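Since the structure comes first, as structure tokens, the remarks are kept for the end.
The values are calculated or read from the model by the stated rules, or taken from the named source; none is laboratory data. No experiment lies behind these values; they were computed from the predicted model shown. Positions of Cβ are generated from backbone atoms using ideal geometry, with glycine treated the same way; all protein chains shown enter the neighbour counts. Ligands, DNA and RNA are stripped out before the accessible areas are found, and what is left, the full protein with its side chains, is counted by its heavy atoms. Shrake-Rupley method; radii C 1.70, N 1.55, O 1.52, S 1.80 Å.
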Amino acid sequence: MTPCAHWGEERMLACGDVGGRLSALFNRVQSIQKKAGPFDLLLCVGEFFGATPEAEAEWQQYKTGAKKAPVHTYVLGAASQETVRSFPGAEGCELAENITYLGRRGVFTGVSGLQIAYVSGREALQEPAPAHCFTSKDLSALVAPLTSGSKFRGVDVLLTCQWPRGVWQYGNAPEVNTKACGSGAVAELADHLKPRYHFAALEGAHYERLPYRNHVILQENAQHVSRFIALAAVNNPAKKKYLYAFNIVPMKTMDPSELVKQPQDVTENPYRRSTKERAERLKTSLGSTQEEEPVNQFFFDLSKKQGAGFRGRGRKRSSDGEGGRDGRPDGQNKQPRRPPQASGPCWFCLASPQVEKHLVISIGTHCYLALAKGSLTARHMLILPIGHYQSVVELGSEVLEEMERYKAALKSFYQSRGERCVLFERNYRSQHLQLQVVPVPLARCTTEDIKEAFMVQAQEQQMELMEIPEHTDLKQIAPPRTPYFYVELDSGEKLYYRIQKHFPLQFGREVLASEVLLNIPTRADWRECKQSREEEEDSCKQLRDDFQPYDFAWED
């Protein structure tokens, strides 16, 4: 679609979820036009169509031309499975006279230079993504061309269906449940595109956040401020605001000193802590000289989960001259064919008489899978090396590779049951590496909630969990014999804490068992969750049967 000449005009209306109530919306717009118009554009975020027969009948009047929208109206795509059929496809097109579907994602640039970026639908939580969802690829395809130029300062307007997660930080509080609201990917998108106005819906609430800065005071040159406005649904019974009128001069034609003026009520950037600041902190703490990731790699890529890339790096390390387990280069210390043995008794070495073999679920060549003793949930498992290794950073490439295969198998297994996969390792006061793998129901919380829960509880205990950059290996951060705590989320995000002295041994379980996540606080300590041997055997048999279709060790 080619942008129309009127995109450069400055008088606009934005609207929340229409939900098929077209006549109610357009009657209201018409009366506003008479009083305060003319407005040239109406931008609709959230769900435009309704799924009821009444909504369908109303739409037919506009589709056939019996009725006509009083202003050029631009709408986002489906935000639920029920409304997908109302859109002809992913590409934008005219749906009726004066009503245009923008498309899955993209940018319209008007003749005068006004830029409006948009993303339809909700963040996809699984692959393949449903038709009403966007993926990390969509966001990368939108961001990369815009931000690649050195002159990029931001976009004029951003339209999304979902709220950006955490937008309320440092600002005024919205009247929504902030635990379950918004998308982390939309927050990252807003942080990168720096929109002057960002509109969203779907939460049934009206919320105008205080304007926020796009620069760090005294460290960076002043930039324009961003305003986030969430709008309610058309004709909502509580009479919450669903239409917003604004004037805007395109950023490209503005005087720079005018553009960067800061209003009195401006706040810190709500996304700063979760992106740039943490990356800077991480770089400082690691003394990193690595090149920075290209801008289009900040979204976790659902198509590149940690498997292949991580394995590739593992193989490379065996011959790149890095120190091996005893300090010699790996090339001189090839992994012995016979797995290493513990010097004393060990509860987790598979060859050890102490190991509780009735808890074993699957045995591979280098690793095995076991039900966690005193498990948090029925499907809480451990991935363990067969040989005696204390931590992930000590593993040879072949063991790492098989560990990644088990991770991928467990993610698929949990996904089939509507669960997220959280992995954590505590390399502190532990003799043998235990990678804890805990499923969390999708219905209970988002991945972003899990990440936030770990961050918040760590902060409360004066521990600073750092985010490991996407393509960074744990071995690059934790030298051998460094005590650490490590978390890996199903989004590919990884958190790391270098343990200084005291560390709560049940920390990982406590976070997952907390009210905000699994809400089973009494199960935080494994000793309180012990089962009889008979119960353990029954649980294991059930789990073994359920996991078998995903168990590559059966095929190998």
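Please give me, ordered by residue number, the GluC sites (Glu not before Pro) of segment 117-196 that lie in loop per DSSP and have at most 12 other Cβ atoms within 10 Å.
Qualifying residues, ordered by number: E175.
Using C-alpha pairs below 8 Å separated by at least 6 residues, the relative contact order for segment 353-481 is 21 percent. The residues of segment 385-503 expose, per residue, 37 Å² of accessible area to a 1.4 Å probe.
Each part gets one Cα centre, and for segment 42-56 versus segment 396-456 those centres are 39 Å apart. The loop-placed trypsin sites (Lys or Arg not before Pro) in segment 7-79, going by DSSP, that have at most 16 neighbouring Cβ atoms within 10 Å of their Cβ come out as K68. Over the C-alpha atoms of segment 12-100, the Rg to Rh ratio, Rh being the Kirkwood estimate, stands at 0.94. What shape does segment 63-123 take by its C-alpha gyration tensor, where a ≥ b ≥ c are the square roots of the eigenvalues and a/c under 1.5 counts as rounded, a/b above b/c as prolate, and the rest as oblate? It is oblate, given that a/c is not under 1.5 and a/b is not larger than b/c. Taking every C-alpha pair closer than 8 Å and separated by at least 6 residues, the mean separation divided by the residue count of segment 410-552 gives a relative contact order of 23 percent.
Just for segment 27-144, what percent of DSSP beta bridges are antiparallel, to the closest 5? Provide the component values of the computation, followed by the final result.
Working: 9 of 18 bridges.
Percent antiparallel among DSSP bridges in segment 27-144 is about 50.
The heavy atoms of S150 offer some 120 square angstrom of accessible surface to a 1.4 angstrom probe.
Beta bridges assigned by DSSP with both partners in segment 95-175 are antiparallel in approximately 50 percent of cases. The label point for Q33 and the one for F246, both projected 7 Å from the Cα toward the Cβ, are 2.3 nm apart. Of the trypsin sites (Lys or Arg not before Pro) found in segment 451-543, those in coil by DSSP whose Cβ has at most 14 other Cβ atoms within 10 Å are R481, K501, K530.
On a per residue basis, the convex hull of the C-alpha atoms belonging to segment 399-556 measures out at 139 Å³. In this structure, Q506 and A141 have a Cβ-Cβ separation that, at R0 = 30 Å, corresponds to a calculated FRET efficiency of about 0.10.
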